[in-house]
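Notes follow the structure.
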Amino acid sequence: MTDRHVPDEWTPGRTVVFTGASVITMDPAVGDFVGDVVVTGPTITAVGPGAGASAPAGALVVDATGTVITPGLVDGHVHAWEGALRGISPDSDIMAYLNLTHTTLAPLMTPDDVAIGERVTAVRAIEQGVTTIVDNSHNVRSLEHGQAVVGALREAGLRAVVAAGVGLGQPDAHLHRAVLDLRDSTADDPRIDVRLMELFPSVAGLTFAAENGLGLVAETIAGMGDLDAVMTPELLGPHVTLDHVLGLADAHWRAIADSGAAIALVPRSDPHYGLAVAGPVLTANRFGVQEAISTDNEFEYGSDLLGELRTLLITQRGQAYAAAQAGSADAPRPYGVRDALRAATVGGARAAGLDGTIGVLRPGAKADLTVFSLARLRPIASHLGAVASYAESQDVTAVVVDGVPRKWNGAVLGVDRDDLVRQAEASRDRLLKQVGVEVDGLRFSGALELPS
């Protein structure tokens, strides 16, 4: 895995065989093993001990000894357009965040500003082993803004659900037409799926999505919208992904379970913003709903899907033990490391509408792989535990998306990071100056206070 020439030799259509890895497939029918993963074009063609023996002559063989290969990680909910706004106001609560982003800065952003933010988020995703994002792009102020989102993600090489929407209180008369135009313009791109994004689910939005064969993503928090009207099996379905899912009644959870709708939890965001002490993972467990996990945004804390995975694991275990100790008859069992990894793979695939296509390693699935090096983690006995409880972004040695290497030997490919940082800082500084804020004044600040 240290051969720097592999990306150059990995030509389109050439079969690539990873050999000797600890492979965690997340598919119970396939199981885990030490052996091979075979990729041809955008597809996994074989997995298992000795699977590479049947590869065609001329296949590129990669010695993956000392690594763990998992399905590509999936970030089930992220506002990628905010990427250049990292760390502007680390202490903000939810209302301050909404005011600073949706009301103040978002309306000032050009399509170029949005594209820069998307590229920053995409690089951060690839660095940490994420191959797919559900991009809740709620700053599609025009078709051109939406096209900038799509263009940036295509350039980055990520697989993405582009859920186009607008911010709180922002004009939306153009949105449905823009979503359809974006959908049509990406119809031939297997890595991009366009959906409608709503800040809270509405009957009109769900109906529009269903009538036009679209998916829908929505923030779903009690008190935001008429949940009784929308949380029904008739309006929901596998094409719908609900984020946060806070304060829902049992009837709403039954509708999610019965309809097959997906959910994306945000283990760090909810307590950080004061929305909840912890996400409703135990409730999801009780209703048999598989959760995805997500990073939400980088406005206040760093994107880290592995950190979200561990927060979910700790939170669920603590709550499950507490429920059992309190005598709860339906206390879910405490999570193990495989359960947490399932949320970042299988659960994420559901949130992206790609259940069985990504999130697993098996023949016929998309060739989305995350490869972890064990070098820095040794001594380590459980390789499953190494991924779920020990690994960090620096341990992700390779990332493959749709059969194309996007990170190799620890470096993101095809990105001039210094230039991207310069563009992001220039975009950020220009936006802040328009609202009377100098970035140097934020150096030792926890919260951005707008001039009166």
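Here are some notes:
- Options Asp339, Asp304: the member that is in contact (Cβ under 8 Å) with a residue 40 or more places away in the chain, in the same structural domain as Val277 (by TED's automatic domain parsing) and either within 30 Å of Gly215 (Cβ to Cβ) or of a type in the set (A, V, I, L, M) (or both): Asp304
- The number of residues in region 1-50 that are touching a Gly at 6+ places or on another chain (Cβ under 6 Å) and over 20 Å from Ser382 (Cα atoms) comes to 6.
- Total residues in region 12-26 satisfying the condition of being surrounded by fewer than 18 Cβ atoms within 10 Å (Cβ to Cβ) and either under 24 Å from Ala349 (Cβ atoms) or at pLDDT below 95 (or both): the figure is 2.
- Val114 being part of a strand (DSSP E or B) and closer than 27 Å to Val412 by Cα: no
- Enumeration of residues in region 22-57 that are in a loop (DSSP other than H, G, I, E, B), touching a residue at least 40 places away in the same chain (Cβ under 8 Å) and of a type in the set (Gly, Ala, Ser): Ala29, Gly41, Ala55
- Looking across Asp75, Asp63, one residue alone is surrounded by 14 or more Cβ atoms within 10 Å (Cβ to Cβ) and either of a type in the set (Lys, Arg) or over 25 Å from the mean Cα position of the chain (by Cα) (or both). It is Asp63.
- Those residues of region 409-433 which are more than 16 Å from Glu118 (Cα to Cα) and either assigned to a loop (DSSP other than H, G, I, E, B) or in contact with a Phe, Trp or Tyr (Cβ under 9 Å, 6 or more places away or on another chain) (or both), in sequence order: Asn409, Gly410, Leu413
- Members of region 27-54 found to be small (Gly, Ala, Ser) and either surrounded by fewer than 17 Cβ atoms within 10 Å (Cβ to Cβ) or more than 17 Å from Arg362 (Cβ to Cβ) (or both), listed by number: Ala29, Gly31, Gly41, Gly50, Ala53, Ser54
- Candidate set from region 141-173 (those that are touching an Asp or Glu at 6+ places or on another chain (Cβ under 8 Å) and charged (D, E, K, R)); member that is surrounded by the most Cβ atoms within 10 Å (Cβ to Cβ): Arg159
- Test for Tyr335: is it in contact with a Leu (Cβ under 7 Å, 6 or more places away or on another chain) and closer than 18 Å to Ser389 by Cβ: yes
- Test: residue in region 58-72 that is touching a Phe, Trp or Tyr at 6+ places or on another chain (Cβ under 9 Å), assigned to a loop (DSSP other than H, G, I, E, B) and either under 30 Å from Arg141 (Cα atoms) or of a type outside the set (Lys, Arg) (or both): yes
- Members of region 279-325 that are within 19 Å of Val337 (Cβ to Cβ), surrounded by fewer than 18 Cβ atoms within 10 Å (Cβ to Cβ) and among the aliphatic types (A, V, I, L, M): Ile314
- None of Val387, Val360, Val371 is surrounded by 22 or more Cβ atoms within 10 Å (Cβ to Cβ) and either basic (Lys, Arg) or touching a Phe, Trp or Tyr at 6+ places or on another chain (Cβ under 6 Å) (or both) except Val387.
The values are calculated or read from the model by the stated rules, or taken from the named source; none is laboratory data. On a predicted model such as this, the values are computed, not experimentally measured, just so you know. Reconstructed Cβ throughout: ideal geometry from the backbone, glycine too, with neighbour counts over all protein chains shown.
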